[in-house]
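Structure record follows, encoded as structure tokens.
The values are calculated or read from the model by the stated rules, or taken from the named source; none is laboratory data. Computed from a predicted model, the values in this text were never measured in an experiment. We place every Cβ from the backbone using ideal geometry, glycine too, and count neighbours over all the protein chains shown. The accessibility values were calculated without ligands, DNA or RNA, using every heavy atom of the protein model including side chains. Shrake-Rupley method; radii C 1.70, N 1.55, O 1.52, S 1.80 Å.
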Amino acid sequence: IINQASAVFSISQSKYAIRNEGDIINTKITSTMGLTFSIPEDCSWISSSLTSDNGYSYTLTTEVSENKTENSRNTSIRLMSGDGQHHLGTIEIVQVSSDEEDPNAMILKVRPNYINEFLVDLPLAGEYDCYIDWGDGVIEYCLYSEKPDVTHKYSNTEPESYTIRIVGRVISLDSRHSKSHSIEEIVQWGSTGLTSLNGAFKGNFVLKRITASDNESLSSVQGMTEAFCNCSSLEYIPSDLLYHCKADLNLEYIFSGCSSLTAIPEDLLIKQTEVTNFSGLFASCKKIQSIPEGLFRYNTKAVH
């Protein structure tokens, strides 16, 4: 009887997000089929070398040069068997730019403090697959199946604001199970494939400012039920927040409990012509003294 073990291949990390200053990364790889690698011919900003002590445990060292351009850049390193006949895996490298703000990035301002013990808990939900620049020099790759709770501990001991940038796929935001709240501003919605904002920032008493959406950011969102419910520090709603959203968007209790709001933009609902239920839209918003006369002028199908 002859038993032969199957081939073994494993890799310590397959995706990297690199700061614009550049970096040196070491990837641990195990392969019983030998190992070779290839870099695209047009990629001159990375260089790699392979070392091994025993013929099956390898270290791939990759040096990423500084990105002095205004755009982010990415490339892939192909991993092949020693004879070059079998594709074993791929290492993906993304490097942020130095000057230009990525229009596709979701940008949030957070404030770790004593209440949340300097731990930021982002409300990412659904099948996300993204890179997060936490604003303190740490860039992290987050995949739902590997990191179901997106949190980050900051090293400072005094309250301080940081700007977080999220690039990749994020289809849903939901704060209804968040352990702590630290998001104080939505700076840019970006383009991450959002389809749901139900409960997105519910109960976030720190949130003060939100920005309007562009023509793609929130265009695929199906629902915003309780999206900003009980955001007691929110003081202002952009008049074009929902302008590019669906006509039949679910908006029940979206601003309920926003006790610092003092006014409602008259054109807020101008595009939601198919909505039938506006229940609890501004319930318990105690500082709002009046409703604009033309707020519901285009919502002719409303019954609640």
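Some points to look at:
- Against the numbered list (1) farther than 30 Å from ILE164 by Cβ; (2) open to solvent by 50 Å² or more (accessible area, probe 1.4 Å); (3) part of a strand (DSSP E or B), LYS28 comes up short only at (1).
- When residues of segment 1-25 are limited to those that are in a strand (DSSP E or B) and among the hydroxyl-bearing types (Ser, Thr, Tyr), the one farthest from the chain's Cα centre (by Cα): SER10
- Here ARG19 fulfils each of the conditions (1) at pLDDT below 85; (2) surrounded by fewer than 15 Cβ atoms within 10 Å (Cβ to Cβ) apart from (2).
- Look at (1) on the phi > 0 side of the Ramachandran plot; (2) open to solvent by less than 40 Å² (accessible area, probe 1.4 Å) and you find that CYS245 fails only one, number (1).
- Residues being under 18 Å from TYR236 (Cβ atoms) and of a type outside the set (Gly, Ala, Ser) - total across segment 198-215: 9
- Checked against the criterion of being assigned to a loop (DSSP other than H, G, I, E, B), open to solvent by 20 Å² or more (accessible area, probe 1.4 Å) and closer than 18 Å to TYR298 by Cβ, the candidates THR262, THR273 yield just one match: THR273.
- Within segment 160-185, if we keep just the residues that are part of a strand (DSSP E or B) and of a type in the set (Ser, Thr, Tyr), the residue that is nearest to TYR16 (Cα to Cα) turns out to be THR163.
- If the condition is being open to solvent by 20 Å² or more (accessible area, probe 1.4 Å) and of a type in the set (A, V, I, L, M, F, W, C), then segment 185-227 contributes VAL187, PHE205, VAL206, ALA212.
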